[in-house]
Amino acid sequence: MCFQYEHQSQGVFSNEDMRVIQTAYNGVLSEQWEPLGPDTADLARYVLQMYDRGIVEADKLTRLTSLHFRYRLDMLRYG
């Protein structure tokens with residue numbers, strides 16, 4: 001079954017889509033991280049995944065992504 005969210009068009013990102021995705025990506029990378037920060041490829045994939053799942057506001061996408069990667073780093077550090 002194939003369906004699309006209201007914000008999606010088939011395989012094409014609008015300028016607004018790219019602005020939201022880029023803002024979230026840059027926002028997470030600009031945060032203060034330990035020497036071992038998130039891998040940029042993993043970060044990009046996660047931002048795109050969450051955008052595809054309907055999180056289309058830049059602030060919410062940035063906060064969720066940051067929380068996700070901070071949790072992952074904490075799990076690596078403390079087990």
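The values are calculated or read from the model by the stated rules, or taken from the named source; none is laboratory data. It should be emphasised that the depicted structure is a prediction, and the values quoted were computed from it without experimental measurement. Neighbour counts run over all protein chains shown; Cβ positions are idealised from the backbone, glycine included. These area figures cover heavy atoms from the full protein model, side chains too; ligands, DNA and RNA do not enter into them. Shrake-Rupley method; radii C 1.70, N 1.55, O 1.52, S 1.80 Å.
If a residue has to be of a type in the set (A, V, I, L, M, F, W, C), more than 26 Å from residue 13 (Cβ to Cβ) and either open to solvent by 50 Å² or more (accessible area, probe 1.4 Å) or not in a helix (DSSP H, G or I) (or both) to count, how many in segment 55-79 make the cut?
Residues flagged as of a type in the set (A, V, I, L, M, F, W, C), more than 26 Å from residue 13 (Cβ to Cβ) and either open to solvent by 50 Å² or more (accessible area, probe 1.4 Å) or not in a helix (DSSP H, G or I) (or both) within segment 55-79 amount to 2.
Any idea how many residues of segment 30-54 are at pLDDT 90 or above, in contact with a Phe, Trp or Tyr (Cβ under 7 Å, 6 or more places away or on another chain) and surrounded by 12 or more Cβ atoms within 10 Å (Cβ to Cβ)?
Qualifying residue count for the region: 3.
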